[in-house]
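The values are calculated or read from the model by the stated rules, or taken from the named source; none is laboratory data. In this text the structure is predicted, and so the values were computed from the model without any measurement. With ideal geometry, Cβ positions are generated from the backbone for all residues, glycine too; neighbour counts draw on all protein chains shown. The area values use the complete protein model at the heavy-atom level, side chains included, leaving out ligands, DNA and RNA. Shrake-Rupley method; radii C 1.70, N 1.55, O 1.52, S 1.80 Å.
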Amino acid sequence: AVLVESLLVFAVVLSVHAVVWDRFSWCALALALQAFYVQFKWDRLLQQGGAVFQFRGAANSGLLPASMVMPLLGVVMKERCRAAGIVYFERFGVVVASTGMLLALFLSVLAVGITKPVPTNTCILTGIAGSVIIYTMKHSLTVSEVIEVLEVLLIFVYLSMILLYLLPRCFTPGEALLVLGGVSFVLNQLIKRSLNVIEGRGDPIDFFLLVAVVGVVLLGLIFTVLFTFMDSGTWISSMFFHMMTAVLGLGVIMPWLYRLIQRNPLFWLLQFLFQTQTRLYLLVYWTFLAASACGVVFYQNAKRSSESKKHQASTITRKYFHFIVVATYVPGLIYDRQLLYVAAVLCLAVFIFLEYIRYFRIKPFGQTLRHLLSLFLDERDSGPLILTHIYLLLGMSLPVWLFPRSCAPKGTLPGAGALVPYSGVLAVGVGDTIASVFGSTMGEIKWPGTKKTFEGTMTAIFAQIIAVALILIFDSSVNLNSSYAWILASVSLVSLLEAYTTQIDNLLLPLYLQIMLMA
(Lines give C-alpha, C1' and ligand atoms only; values in the text may rest on other atoms or scores of the structure.)
Protein backbone atom coordinates (compact mmCIF):
# COMPACT_ATOMS: atom_id res chain seq x y z
CA ALA A 1 0.00 0.00 0.00
CA VAL A 2 2.82 2.42 0.84
CA LEU A 3 4.54 1.64 -2.46
CA VAL A 4 1.38 2.27 -4.49
CA GLU A 5 0.72 5.50 -2.56
CA SER A 6 4.29 6.59 -3.35
CA LEU A 7 3.86 5.73 -7.04
CA LEU A 8 0.70 7.84 -7.19
CA VAL A 9 2.51 10.79 -5.59
CA PHE A 10 5.37 10.40 -8.09
CA ALA A 11 2.77 10.34 -10.89
CA VAL A 12 1.37 13.67 -9.63
CA VAL A 13 4.87 15.19 -9.35
CA LEU A 14 5.81 14.08 -12.88
CA SER A 15 2.46 15.24 -14.30
CA VAL A 16 2.85 18.71 -12.79
CA HIS A 17 6.43 19.11 -13.96
CA ALA A 18 5.60 17.81 -17.43
CA VAL A 19 3.51 20.99 -17.71
CA VAL A 20 5.58 23.34 -15.50
CA TRP A 21 9.30 22.63 -15.93
CA ASP A 22 11.81 25.04 -14.39
CA ARG A 23 14.77 25.00 -12.01
CA PHE A 24 12.47 24.02 -9.10
CA SER A 25 11.48 20.84 -10.94
CA TRP A 26 14.87 19.27 -10.23
CA CYS A 27 14.48 20.21 -6.57
CA ALA A 28 10.99 18.68 -6.39
CA LEU A 29 12.15 15.42 -7.99
CA ALA A 30 15.18 15.19 -5.66
CA LEU A 31 12.96 15.95 -2.65
CA ALA A 32 10.40 13.31 -3.67
CA LEU A 33 13.09 10.66 -4.16
CA GLN A 34 14.76 11.24 -0.78
CA ALA A 35 11.35 11.51 1.00
CA PHE A 36 10.44 8.11 -0.47
CA TYR A 37 13.48 6.53 1.19
CA VAL A 38 13.25 8.49 4.43
CA GLN A 39 9.57 7.65 5.01
CA PHE A 40 10.56 3.99 5.52
CA LYS A 41 12.94 5.15 8.28
CA TRP A 42 10.08 7.05 9.87
CA ASP A 43 7.82 3.96 9.57
CA ARG A 44 10.44 1.83 11.33
CA LEU A 45 10.83 4.44 14.08
CA LEU A 46 7.05 4.53 14.58
CA GLN A 47 6.86 0.73 14.84
CA GLN A 48 9.75 0.54 17.32
CA GLY A 49 8.57 3.52 19.39
CA GLY A 50 11.76 5.51 18.80
CA ALA A 51 10.25 8.55 17.07
CA VAL A 52 10.89 11.06 19.93
CA PHE A 53 7.20 12.09 20.05
CA GLN A 54 4.05 9.94 20.13
CA PHE A 55 2.48 9.96 16.67
CA ARG A 56 -0.88 8.64 15.52
CA GLY A 57 -0.96 4.86 15.24
CA ALA A 58 -2.58 2.64 12.57
CA ALA A 59 -1.02 4.77 9.82
CA ASN A 60 2.33 5.09 8.07
CA SER A 61 4.45 8.22 8.40
CA GLY A 62 2.99 9.83 5.26
CA LEU A 63 6.19 11.80 4.71
CA LEU A 64 6.26 11.60 0.90
CA PRO A 65 2.68 12.78 0.17
CA ALA A 66 2.92 15.55 2.79
CA SER A 67 6.40 16.68 1.68
CA MET A 68 5.26 17.44 -1.87
CA VAL A 69 2.16 19.54 -1.11
CA MET A 70 3.72 22.94 -0.34
CA PRO A 71 6.48 22.72 -2.99
CA LEU A 72 4.05 21.74 -5.75
CA LEU A 73 1.50 24.33 -4.63
CA GLY A 74 4.16 27.04 -4.72
CA VAL A 75 5.40 25.97 -8.17
CA VAL A 76 1.94 25.98 -9.81
CA MET A 77 1.03 29.27 -8.07
CA LYS A 78 4.27 30.82 -9.33
CA GLU A 79 3.54 29.68 -12.88
CA ARG A 80 -0.06 30.96 -12.86
CA CYS A 81 0.96 34.37 -11.51
CA ARG A 82 3.88 34.61 -13.93
CA ALA A 83 1.49 34.00 -16.83
CA ALA A 84 -0.80 36.74 -15.44
CA GLY A 85 2.15 39.13 -15.06
CA ILE A 86 1.71 39.60 -11.28
CA VAL A 87 5.33 39.73 -10.09
CA TYR A 88 4.55 40.07 -6.35
CA PHE A 89 2.58 36.80 -6.21
CA GLU A 90 5.02 35.08 -8.55
CA ARG A 91 7.71 35.74 -5.93
CA PHE A 92 5.26 34.64 -3.22
CA GLY A 93 4.89 31.28 -5.04
CA VAL A 94 8.70 30.93 -5.07
CA VAL A 95 8.78 31.54 -1.29
CA VAL A 96 5.99 28.97 -0.71
CA ALA A 97 7.83 26.33 -2.77
CA SER A 98 11.17 27.01 -1.07
CA THR A 99 9.61 26.95 2.40
CA GLY A 100 7.86 23.64 1.72
CA MET A 101 11.08 22.05 0.50
CA LEU A 102 13.09 23.25 3.50
CA LEU A 103 10.48 22.06 6.03
CA ALA A 104 10.27 18.63 4.38
CA LEU A 105 14.07 18.40 4.27
CA PHE A 106 14.27 19.26 7.98
CA LEU A 107 11.83 16.46 8.85
CA SER A 108 13.87 14.03 6.73
CA VAL A 109 17.14 15.02 8.41
CA LEU A 110 15.46 14.55 11.80
CA ALA A 111 14.42 11.00 10.91
CA VAL A 112 17.86 10.12 9.57
CA GLY A 113 19.50 11.60 12.66
CA ILE A 114 17.55 9.52 15.20
CA THR A 115 17.70 6.24 13.22
CA LYS A 116 20.17 3.74 14.70
CA PRO A 117 22.35 2.54 13.07
CA VAL A 118 22.74 5.57 10.81
CA PRO A 119 21.44 4.68 7.29
CA THR A 120 24.41 5.56 5.07
CA ASN A 121 22.66 5.40 1.67
CA THR A 122 19.69 7.48 2.87
CA CYS A 123 22.10 10.03 4.38
CA ILE A 124 23.88 10.39 1.04
CA LEU A 125 20.57 10.77 -0.82
CA THR A 126 19.30 13.35 1.69
CA GLY A 127 22.59 15.24 1.39
CA ILE A 128 22.35 15.33 -2.41
CA ALA A 129 18.72 16.49 -2.30
CA GLY A 130 19.58 19.14 0.29
CA SER A 131 22.50 20.39 -1.82
CA VAL A 132 20.29 20.69 -4.93
CA ILE A 133 17.59 22.56 -2.98
CA ILE A 134 20.00 24.96 -1.25
CA TYR A 135 21.86 25.65 -4.52
CA THR A 136 18.60 26.46 -6.29
CA MET A 137 17.38 28.65 -3.43
CA LYS A 138 20.72 30.53 -3.48
CA HIS A 139 20.16 31.45 -7.13
CA SER A 140 16.37 32.02 -6.91
CA LEU A 141 15.71 33.91 -3.66
CA THR A 142 16.60 37.40 -2.56
CA VAL A 143 18.17 37.96 0.87
CA SER A 144 14.83 39.04 2.37
CA GLU A 145 13.13 35.93 0.97
CA VAL A 146 15.84 33.67 2.41
CA ILE A 147 15.29 35.29 5.82
CA GLU A 148 11.54 34.76 5.46
CA VAL A 149 12.00 31.05 4.68
CA LEU A 150 14.34 30.61 7.67
CA GLU A 151 11.86 32.41 9.93
CA VAL A 152 9.13 29.92 8.97
CA LEU A 153 11.53 27.03 9.65
CA LEU A 154 12.34 28.43 13.09
CA ILE A 155 8.65 28.87 13.96
CA PHE A 156 7.96 25.33 12.71
CA VAL A 157 10.68 23.81 14.89
CA TYR A 158 9.47 25.48 18.08
CA LEU A 159 5.78 24.93 17.31
CA SER A 160 6.42 21.24 16.58
CA MET A 161 8.31 20.71 19.84
CA ILE A 162 5.50 22.32 21.84
CA LEU A 163 2.41 20.87 20.14
CA LEU A 164 3.70 17.35 19.46
CA TYR A 165 4.64 17.10 23.15
CA LEU A 166 1.32 18.51 24.40
CA LEU A 167 -0.85 16.57 21.89
CA PRO A 168 0.41 12.98 21.61
CA ARG A 169 -1.08 10.60 19.00
CA CYS A 170 -2.92 13.42 17.17
CA PHE A 171 -0.74 13.53 14.04
CA THR A 172 1.43 11.35 11.85
CA PRO A 173 4.78 12.96 10.86
CA GLY A 174 3.25 13.87 7.47
CA GLU A 175 0.15 15.41 9.00
CA ALA A 176 2.31 17.37 11.45
CA LEU A 177 4.33 18.69 8.49
CA LEU A 178 1.16 19.82 6.70
CA VAL A 179 -0.72 21.32 9.66
CA LEU A 180 2.16 22.83 11.65
CA GLY A 181 3.97 23.93 8.50
CA GLY A 182 0.84 25.74 7.36
CA VAL A 183 0.30 27.40 10.75
CA SER A 184 3.97 28.45 10.86
CA PHE A 185 3.73 30.03 7.41
CA VAL A 186 0.51 31.87 8.34
CA LEU A 187 2.06 33.17 11.59
CA ASN A 188 5.12 34.45 9.74
CA GLN A 189 2.94 36.15 7.09
CA LEU A 190 0.89 37.85 9.80
CA ILE A 191 4.00 39.14 11.58
CA LYS A 192 5.49 40.34 8.28
CA ARG A 193 2.33 42.18 7.22
CA SER A 194 1.76 43.65 10.68
CA LEU A 195 5.22 45.21 10.59
CA ASN A 196 4.73 46.58 7.07
CA VAL A 197 1.19 47.89 7.10
CA ILE A 198 0.41 50.17 4.15
CA GLU A 199 -3.01 51.79 4.28
CA GLY A 200 -5.32 50.60 1.54
CA ARG A 201 -3.05 47.72 0.51
CA GLY A 202 -4.23 44.14 0.93
CA ASP A 203 -7.63 42.51 1.02
CA PRO A 204 -9.33 42.65 4.45
CA ILE A 205 -10.61 39.08 4.09
CA ASP A 206 -7.02 37.81 3.76
CA PHE A 207 -6.05 39.61 6.97
CA PHE A 208 -9.18 38.19 8.62
CA LEU A 209 -8.01 34.64 7.83
CA LEU A 210 -4.46 35.26 9.10
CA VAL A 211 -5.57 36.84 12.39
CA ALA A 212 -8.27 34.20 13.02
CA VAL A 213 -5.90 31.24 12.53
CA VAL A 214 -3.09 32.73 14.61
CA GLY A 215 -5.57 33.93 17.27
CA VAL A 216 -7.14 30.52 17.92
CA VAL A 217 -3.73 28.78 17.92
CA LEU A 218 -2.29 31.26 20.45
CA LEU A 219 -5.46 30.91 22.54
CA GLY A 220 -4.98 27.16 22.67
CA LEU A 221 -1.29 27.40 23.56
CA ILE A 222 -1.97 29.87 26.40
CA PHE A 223 -4.73 27.76 27.96
CA THR A 224 -2.75 24.54 27.56
CA VAL A 225 0.10 26.03 29.57
CA LEU A 226 -2.26 27.53 32.20
CA PHE A 227 -4.29 24.35 32.69
CA THR A 228 -1.19 22.26 33.37
CA PHE A 229 -1.07 24.07 36.72
CA MET A 230 -4.80 24.04 37.54
CA ASP A 231 -7.83 21.78 37.13
CA SER A 232 -9.71 22.93 34.01
CA GLY A 233 -12.95 21.18 34.96
CA THR A 234 -13.96 23.45 37.87
CA TRP A 235 -16.34 26.41 37.68
CA ILE A 236 -13.55 28.81 38.71
CA SER A 237 -11.31 27.58 35.88
CA SER A 238 -14.22 27.79 33.44
CA MET A 239 -14.98 31.38 34.44
CA PHE A 240 -11.29 32.18 34.04
CA PHE A 241 -11.32 30.56 30.56
CA HIS A 242 -14.26 32.66 29.37
CA MET A 243 -12.88 35.88 30.86
CA MET A 244 -9.40 35.35 29.36
CA THR A 245 -10.96 34.53 25.97
CA ALA A 246 -12.86 37.83 26.06
CA VAL A 247 -9.73 39.73 27.13
CA LEU A 248 -7.54 38.17 24.43
CA GLY A 249 -10.24 38.59 21.80
CA LEU A 250 -11.11 42.22 22.57
CA GLY A 251 -7.70 43.31 23.82
CA VAL A 252 -5.33 41.60 21.39
CA ILE A 253 -7.01 40.05 18.34
CA MET A 254 -9.45 42.91 17.60
CA PRO A 255 -6.82 45.69 17.83
CA TRP A 256 -4.45 43.57 15.73
CA LEU A 257 -7.10 43.21 13.03
CA TYR A 258 -7.93 46.92 13.30
CA ARG A 259 -4.29 47.78 12.62
CA LEU A 260 -4.29 45.63 9.48
CA ILE A 261 -7.61 46.64 7.89
CA GLN A 262 -7.66 50.24 9.24
CA ARG A 263 -11.30 50.08 10.36
CA ASN A 264 -13.42 48.63 13.17
CA PRO A 265 -13.40 44.83 12.60
CA LEU A 266 -16.91 44.25 14.00
CA PHE A 267 -18.49 47.00 11.91
CA TRP A 268 -16.57 45.80 8.84
CA LEU A 269 -17.74 42.21 9.41
CA LEU A 270 -21.40 43.16 9.88
CA GLN A 271 -21.33 45.41 6.84
CA PHE A 272 -19.65 42.66 4.81
CA LEU A 273 -22.09 39.90 5.84
CA PHE A 274 -25.26 41.90 5.12
CA GLN A 275 -24.02 43.85 2.11
CA THR A 276 -26.40 42.31 -0.46
CA GLN A 277 -29.68 40.45 -0.47
CA THR A 278 -27.96 37.37 -1.91
CA ARG A 279 -25.70 37.22 1.13
CA LEU A 280 -28.68 37.44 3.44
CA TYR A 281 -30.36 34.51 1.67
CA LEU A 282 -27.14 32.46 1.84
CA LEU A 283 -26.74 33.15 5.57
CA VAL A 284 -30.31 32.05 6.27
CA TYR A 285 -29.78 28.90 4.18
CA TRP A 286 -26.49 28.09 5.95
CA THR A 287 -28.12 28.62 9.34
CA PHE A 288 -30.76 26.05 8.38
CA LEU A 289 -28.04 23.56 7.32
CA ALA A 290 -26.11 24.12 10.57
CA ALA A 291 -29.29 23.41 12.52
CA SER A 292 -29.79 20.24 10.43
CA ALA A 293 -26.24 19.07 11.28
CA CYS A 294 -26.90 19.65 14.98
CA GLY A 295 -30.17 17.75 14.58
CA VAL A 296 -28.28 14.75 13.16
CA VAL A 297 -25.91 14.78 16.16
CA PHE A 298 -28.77 14.93 18.69
CA TYR A 299 -30.83 12.31 16.84
CA GLN A 300 -27.95 9.82 16.63
CA ASN A 301 -27.18 10.29 20.31
CA ALA A 302 -30.85 9.80 21.20
CA LYS A 303 -30.74 6.44 19.37
CA ARG A 304 -27.80 5.32 21.46
CA SER A 305 -29.29 3.30 24.29
CA SER A 306 -27.76 2.87 27.73
CA GLU A 307 -27.03 -0.80 26.91
CA SER A 308 -24.85 0.09 23.92
CA LYS A 309 -22.51 2.75 25.26
CA LYS A 310 -19.73 1.53 22.98
CA HIS A 311 -21.91 1.94 19.90
CA GLN A 312 -20.29 4.07 17.20
CA ALA A 313 -21.90 5.83 14.25
CA SER A 314 -21.63 3.96 10.95
CA THR A 315 -19.64 5.20 7.97
CA ILE A 316 -22.83 6.17 6.15
CA THR A 317 -24.02 8.16 9.17
CA ARG A 318 -20.74 10.10 9.30
CA LYS A 319 -21.06 10.84 5.59
CA TYR A 320 -24.30 12.74 6.27
CA PHE A 321 -22.07 15.62 7.31
CA HIS A 322 -20.21 15.42 3.99
CA PHE A 323 -23.51 15.84 2.13
CA ILE A 324 -24.43 18.80 4.36
CA VAL A 325 -21.04 20.41 3.72
CA VAL A 326 -21.45 19.98 -0.07
CA ALA A 327 -24.88 21.59 0.16
CA THR A 328 -23.23 24.43 2.10
CA TYR A 329 -20.28 25.12 -0.19
CA VAL A 330 -21.74 24.74 -3.69
CA PRO A 331 -24.19 27.71 -3.48
CA GLY A 332 -21.43 29.83 -1.92
CA LEU A 333 -19.02 28.95 -4.74
CA ILE A 334 -21.60 29.78 -7.38
CA TYR A 335 -23.12 32.98 -5.95
CA ASP A 336 -20.63 34.63 -3.55
CA ARG A 337 -17.12 33.23 -3.00
CA GLN A 338 -15.99 36.12 -0.81
CA LEU A 339 -18.83 35.47 1.63
CA LEU A 340 -17.98 31.76 1.63
CA TYR A 341 -14.34 32.66 2.35
CA VAL A 342 -15.23 34.72 5.43
CA ALA A 343 -17.95 32.32 6.63
CA ALA A 344 -15.49 29.40 6.45
CA VAL A 345 -12.97 31.38 8.56
CA LEU A 346 -15.63 32.09 11.18
CA CYS A 347 -16.72 28.46 11.18
CA LEU A 348 -13.12 27.28 11.63
CA ALA A 349 -12.66 29.60 14.61
CA VAL A 350 -15.92 28.34 16.17
CA PHE A 351 -14.99 24.67 15.59
CA ILE A 352 -11.56 25.08 17.22
CA PHE A 353 -13.01 27.09 20.12
CA LEU A 354 -15.64 24.37 20.77
CA GLU A 355 -12.87 21.75 20.65
CA TYR A 356 -11.02 23.70 23.36
CA ILE A 357 -14.20 23.67 25.48
CA ARG A 358 -14.56 19.90 24.97
CA TYR A 359 -10.86 19.12 25.52
CA PHE A 360 -10.48 21.23 28.67
CA ARG A 361 -13.96 20.19 29.97
CA ILE A 362 -14.99 23.84 30.32
CA LYS A 363 -18.33 24.23 32.07
CA PRO A 364 -21.21 24.30 31.28
CA PHE A 365 -20.85 22.59 27.86
CA GLY A 366 -17.53 20.72 27.98
CA GLN A 367 -18.81 17.38 29.30
CA THR A 368 -21.91 17.53 27.07
CA LEU A 369 -19.74 18.00 23.97
CA ARG A 370 -17.57 15.06 25.02
CA HIS A 371 -20.64 12.84 25.26
CA LEU A 372 -22.22 14.02 22.01
CA LEU A 373 -19.10 13.77 19.85
CA SER A 374 -17.84 10.45 21.23
CA LEU A 375 -20.41 8.70 19.03
CA PHE A 376 -18.69 9.92 15.85
CA LEU A 377 -15.09 8.99 16.71
CA ASP A 378 -13.13 6.77 14.34
CA GLU A 379 -9.65 5.22 14.40
CA ARG A 380 -8.05 8.50 13.29
CA ASP A 381 -9.16 10.23 16.53
CA SER A 382 -6.71 8.30 18.69
CA GLY A 383 -5.27 11.34 20.47
CA PRO A 384 -6.79 13.72 23.03
CA LEU A 385 -8.22 15.99 20.29
CA ILE A 386 -11.10 15.26 17.90
CA LEU A 387 -9.91 16.70 14.60
CA THR A 388 -11.80 14.91 11.79
CA HIS A 389 -14.58 17.52 11.57
CA ILE A 390 -11.98 20.32 11.56
CA TYR A 391 -10.05 18.51 8.81
CA LEU A 392 -13.28 18.22 6.81
CA LEU A 393 -13.84 21.97 7.07
CA LEU A 394 -10.19 22.65 6.15
CA GLY A 395 -10.34 20.30 3.17
CA MET A 396 -13.38 22.09 1.78
CA SER A 397 -12.07 25.59 2.57
CA LEU A 398 -8.39 25.46 1.63
CA PRO A 399 -9.03 25.52 -2.15
CA VAL A 400 -11.15 28.65 -1.59
CA TRP A 401 -8.58 30.31 0.69
CA LEU A 402 -5.55 29.36 -1.45
CA PHE A 403 -7.12 30.33 -4.78
CA PRO A 404 -4.81 33.01 -6.31
CA ARG A 405 -7.48 35.67 -6.86
CA SER A 406 -4.98 38.37 -7.80
CA CYS A 407 -3.60 36.17 -10.60
CA ALA A 408 -7.02 35.18 -11.95
CA PRO A 409 -8.44 37.48 -14.64
CA LYS A 410 -12.19 37.99 -14.15
CA GLY A 411 -12.03 35.97 -10.92
CA THR A 412 -11.40 32.60 -12.55
CA LEU A 413 -8.46 30.68 -14.03
CA PRO A 414 -8.56 29.39 -17.62
CA GLY A 415 -9.10 25.74 -18.47
CA ALA A 416 -9.12 23.16 -15.68
CA GLY A 417 -8.01 25.91 -13.28
CA ALA A 418 -11.59 27.17 -13.22
CA LEU A 419 -12.43 24.14 -11.06
CA VAL A 420 -9.75 24.92 -8.42
CA PRO A 421 -12.21 26.40 -5.84
CA TYR A 422 -14.32 23.24 -6.28
CA SER A 423 -11.39 20.92 -5.40
CA GLY A 424 -12.68 20.28 -1.88
CA VAL A 425 -16.23 19.65 -3.08
CA LEU A 426 -15.05 17.20 -5.75
CA ALA A 427 -12.36 15.32 -3.80
CA VAL A 428 -13.96 15.12 -0.34
CA GLY A 429 -17.61 16.13 -0.67
CA VAL A 430 -18.32 13.94 -3.70
CA GLY A 431 -15.43 11.52 -4.30
CA ASP A 432 -14.59 10.42 -0.76
CA THR A 433 -18.24 10.30 0.28
CA ILE A 434 -19.41 8.21 -2.67
CA ALA A 435 -16.38 5.90 -2.38
CA SER A 436 -17.11 5.25 1.30
CA VAL A 437 -20.85 4.74 0.89
CA PHE A 438 -20.73 2.48 -2.17
CA GLY A 439 -17.54 0.74 -1.10
CA SER A 440 -18.91 -0.18 2.33
CA THR A 441 -22.34 -1.30 1.04
CA MET A 442 -21.67 -2.90 -2.36
CA GLY A 443 -17.89 -3.25 -2.68
CA GLU A 444 -16.48 -6.76 -3.04
CA ILE A 445 -13.15 -6.46 -4.89
CA LYS A 446 -10.56 -4.94 -2.53
CA TRP A 447 -7.50 -3.05 -3.69
CA PRO A 448 -4.37 -5.09 -2.72
CA GLY A 449 -3.09 -4.18 0.74
CA THR A 450 -6.06 -1.97 1.71
CA LYS A 451 -9.65 -2.14 2.96
CA LYS A 452 -10.85 0.11 0.12
CA THR A 453 -12.72 -1.45 -2.80
CA PHE A 454 -12.43 -1.20 -6.57
CA GLU A 455 -16.17 -0.50 -6.87
CA GLY A 456 -15.95 2.42 -4.43
CA THR A 457 -13.07 4.05 -6.31
CA MET A 458 -14.66 3.65 -9.75
CA THR A 459 -17.98 5.00 -8.48
CA ALA A 460 -16.16 7.98 -6.93
CA ILE A 461 -14.47 8.83 -10.26
CA PHE A 462 -17.78 8.55 -12.12
CA ALA A 463 -19.56 10.71 -9.51
CA GLN A 464 -16.91 13.43 -9.74
CA ILE A 465 -17.22 13.53 -13.55
CA ILE A 466 -20.99 13.99 -13.15
CA ALA A 467 -20.32 16.73 -10.56
CA VAL A 468 -18.03 18.54 -13.03
CA ALA A 469 -20.79 18.38 -15.65
CA LEU A 470 -23.28 19.86 -13.17
CA ILE A 471 -20.82 22.63 -12.26
CA LEU A 472 -20.53 23.49 -15.97
CA ILE A 473 -24.31 23.75 -16.19
CA PHE A 474 -24.92 25.86 -13.07
CA ASP A 475 -21.75 28.00 -12.82
CA SER A 476 -21.43 30.19 -15.89
CA SER A 477 -17.95 31.41 -14.86
CA VAL A 478 -16.44 27.94 -15.44
CA ASN A 479 -15.00 27.39 -18.92
CA LEU A 480 -12.84 24.28 -19.23
CA ASN A 481 -11.52 24.95 -22.77
CA SER A 482 -11.47 21.26 -23.77
CA SER A 483 -9.18 20.26 -20.86
CA TYR A 484 -11.36 17.22 -20.11
CA ALA A 485 -8.59 14.61 -20.40
CA TRP A 486 -6.49 16.43 -17.78
CA ILE A 487 -9.51 16.70 -15.44
CA LEU A 488 -10.24 12.97 -15.82
CA ALA A 489 -6.58 12.09 -15.13
CA SER A 490 -6.51 14.41 -12.08
CA VAL A 491 -9.71 13.00 -10.60
CA SER A 492 -8.55 9.41 -11.22
CA LEU A 493 -5.14 9.92 -9.59
CA VAL A 494 -6.65 11.59 -6.52
CA SER A 495 -9.33 8.88 -6.19
CA LEU A 496 -6.67 6.17 -6.32
CA LEU A 497 -4.67 8.10 -3.72
CA GLU A 498 -7.78 8.07 -1.49
CA ALA A 499 -7.87 4.28 -1.76
CA TYR A 500 -4.25 3.81 -0.70
CA THR A 501 -3.37 6.60 1.71
CA THR A 502 -3.61 6.15 5.48
CA GLN A 503 -3.28 9.89 6.09
CA ILE A 504 -6.22 12.22 6.76
CA ASP A 505 -7.84 12.14 3.31
CA ASN A 506 -10.09 15.11 4.11
CA LEU A 507 -6.94 17.27 4.22
CA LEU A 508 -4.67 15.64 1.64
CA LEU A 509 -6.98 14.92 -1.31
CA PRO A 510 -8.30 18.47 -1.94
CA LEU A 511 -4.76 19.86 -1.93
CA TYR A 512 -3.54 17.33 -4.49
CA LEU A 513 -6.57 17.89 -6.71
CA GLN A 514 -6.04 21.66 -6.46
CA ILE A 515 -2.38 21.25 -7.48
CA MET A 516 -3.33 19.12 -10.51
CA LEU A 517 -6.07 21.50 -11.65
CA MET A 518 -3.87 24.59 -11.21
CA ALA A 519 -1.08 22.98 -13.23
Could you run the Karplus curve 6.51 cos²θ - 1.76 cosθ + 1.60 with θ = phi - 60° over the stretch 337-342 and give me ³J(HN,Hα) per residue in whole Hz, x for Gly and Pro? 6, 5, 5, 4, 4, 5
Ordered by number, the chymotrypsin sites (Phe, Trp or Tyr not before Pro) in the stretch 245-290 that occupy a DSSP loop and have at most 11 other Cβ atoms within 10 Å are F274
Taking 0.36 nm per residue of sequence separation and subtracting the Cα-Cα distance, how much length would be gained by fully extending the chain between A485 and W26, in nm to one decimal? 162.6 nm
Using only Cα atoms, locate the centre of the stretch 42-62 and the centre of the stretch 380-434, then give the distance between them in Å, rounded to an integer. 28 Å
With the charge dipole of the chain built from beta-carbon charges (+1 for Lys and Arg, -1 for Asp and Glu) about the Cα centre, the Cα from L125, S436, L180 projecting farthest to the positive end belongs to L180
Go through the cysteines of the chain and tell me which have no other cysteine Cβ under 4.7 Å away. C27, C123, C170, C294, C347
Measuring from its Cα centre, the chain shows a charge dipole (+1 at each Lys and Arg Cβ, -1 at each Asp and Glu Cβ) which, in debye to the nearest 20, is 540 debye
Among the listed pairs K41/K319; K41/K451; K116/K192; K78/K192; K41/K452, which are separated by more than 29 Å between their Cα atoms? K41/K319; K116/K192
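Given +1 on the Cβ of Lys and Arg, -1 on the Cβ of Asp and Glu, and no further charges, what dipole in debye does the stretch 1-200 carry about its Cα centre, rounded to the nearest 20?
On the way: 13 positive and 10 negative charges, 45 e Å.
Its charge dipole is roughly 220 debye.
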Let me make sure I get this right: for the stretch 357-466, a, b and c are the square roots of the gyration tensor eigenvalues over alpha carbons, sorted descending. Under 1.5 in a/c it's rounded, otherwise prolate if a/b > b/c, else oblate. Which is it? oblate
Long-range HN-HN contacts of K446 with modeled amide H, under 5 Å: F454
Quick one: if you stick a label point 7 Å off each Cα along the C-beta vector at I162 and A1, how many nm between them? 3.4 nm
If unit charges are put on Cβ atoms (+1 for Lys and Arg, -1 for Asp and Glu) and the dipole of the stretch 306-428 is taken about its Cα centre, the option from I357, L346, P399 lying farthest towards the positive end turns out to be I357
Before I look further, what does the chain give for accessible area per residue, probe 1.4 Å, in whole square angstrom? 44 Å²
Candidates (1) 31.9; (2) 29.3; (3) 24.4; which is the computed mean projected area of the Cα convex hull in nm²? (3)
What distance in nm separates the two pseudo spin-label positions at Y335 and A58, each 7 Å out from Cα along the beta-carbon direction? 4.0 nm
Under Karplus coefficients 6.51, -1.76 and 1.60, residue-wise ³J(HN,Hα) of the stretch 37-46 in Hz, glycine/proline x: 6, 5, 5, 6, 5, 4, 4, 5, 4, 5
If you roll a 1.4 Å probe over the chain with all protein chains in place, what percent of the accessible area is carbon or sulfur? 69 percent
Most positive-pole-ward Cα, Y37, P71, T136, against dipole of the stretch 1-200 from beta carbon charges: Y37
Lys and Arg at +1, Asp and Glu at -1: add these up for the other residues within a Cβ distance under 14 Å of A293 and post the number. +2
The ³J(HN,Hα) series, computed from each phi in the stretch 120-132 with the Karplus coefficients 6.51, -1.76 and 1.60 at θ = phi - 60°, rounded to the nearest Hz and given as x for glycine or proline, is 4, 4, 5, 4, 4, 5, 5, x, 5, 4, x, 5, 4
Of the chain, which part is the longest with no GluC sites (Glu not before Pro) in a loop (DSSP not H, G, I, E, B) and with at most 14 other C-beta atoms within 10 angstrom? 1-198
